[in-house]
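What follows is a set of notes on a single structure, which appears directly below.
The values are calculated or read from the model by the stated rules, or taken from the named source; none is laboratory data. Here the structure is a predicted model, which is why all the values come from computation and not from measurement. With ideal geometry, Cβ positions are generated from the backbone for all residues, glycine too; neighbour counts draw on all protein chains shown.
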Amino acid sequence: MQGTRRVWLLLLLVVPAALLGLTYLLTAIFGAPSTGLLCHRGADAPGICQIQRSRLLGFGGSSSVAIPESEIVGAETLRPRSGVGRGSGGYTLSLQLRRGPYRHYPVLSGPFWADTDAQTQRLNAYLRDPGQREFAVRENRAQALLLPLLPLGVVALLLLIASLRGRRRRTVAGG
């Protein structure tokens with residue numbers, strides 16, 4: 001019994017640290033994901049949009065990429081590509097740029113079409129209306145963290161139920 005507690009305690013300490021390290025490593029290799037957009041215009045200054053990026057799920061390693069509004073044609077909601085070897089992915093709010101290697105610059109992703117497309121429509125309305133001074137959209141951090149963990153939570157709950165049932169059967173059979 002004491003050995004089992006030590007294993008669980010070790011797992012509770014090691015697994016989160018390993019996941020944090022893996023997240024940092026992957027974002028160092030593939031780049032930090034975009035977590036939102038902040039656009040602002042001055043009274044006599046040209047507009048700038050800053051794409052917010054974060055290495056550690058919005059909790060650290062944050063940076064931004066500035067793009068002048070004059071380089072932005074508009075915004076578009078991109079659907080995930082389906083096909084062999086591709087996951088279902090999420091919907092992406094993407095900036096359409098006039099030039100450069102990235103004509104569709106991803107701003108943020110979401111699992112639901114309606115939510116992501118509503119943000120795209122808000123951004124396009126901002127870009128069309130020179131009277132608006134500021135626009136901001138941020139990734140729903142709770143949704144980004146909890147949705148991938150939901151299947152793991154269900155599996156953990158099923159394993160816990162199976163473990164408790166097995167323990168109860170052993171107690172009844174032994175007693």
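Details
- Pairs meeting the criteria (first residue in the range 142-168 and within 16 Å of Ser109 (Cβ to Cβ), second residue assigned to a helix (DSSP H, G or I) and modelled with pLDDT of 80 or more, beta carbons under 9 Å, at least 6 apart or on different chains) are Gln143/Asp115.
- Within the range 48-72, being surrounded by 13 or more Cβ atoms within 10 Å (Cβ to Cβ), modelled with pLDDT of 90 or more and part of a strand (DSSP E or B) holds for Ile48, Cys49, Gln50, Ile67, Ile72.
- Selection of the range 107-141 for residues being part of a helix (DSSP H, G or I), under 20 Å from the mean Cα position of the chain (by Cα) and among the aliphatic types (A, V, I, L, M) yields Ala114, Ala118, Leu123.
- Residue ID - modelled with the highest pLDDT, chosen from residues in the range 73-99 that are out of contact with any strand residue (DSSP E or B) (no Cβ under 9 Å at 6 or more places or on another chain) and of a type outside the set (Ser, Thr, Tyr): Arg99
- All told, Ala173 meets the bar of being closer than 30 Å to Thr4 by Cβ, modelled with pLDDT under 80 and more than 31 Å from the chain's Cα centre (by Cα).
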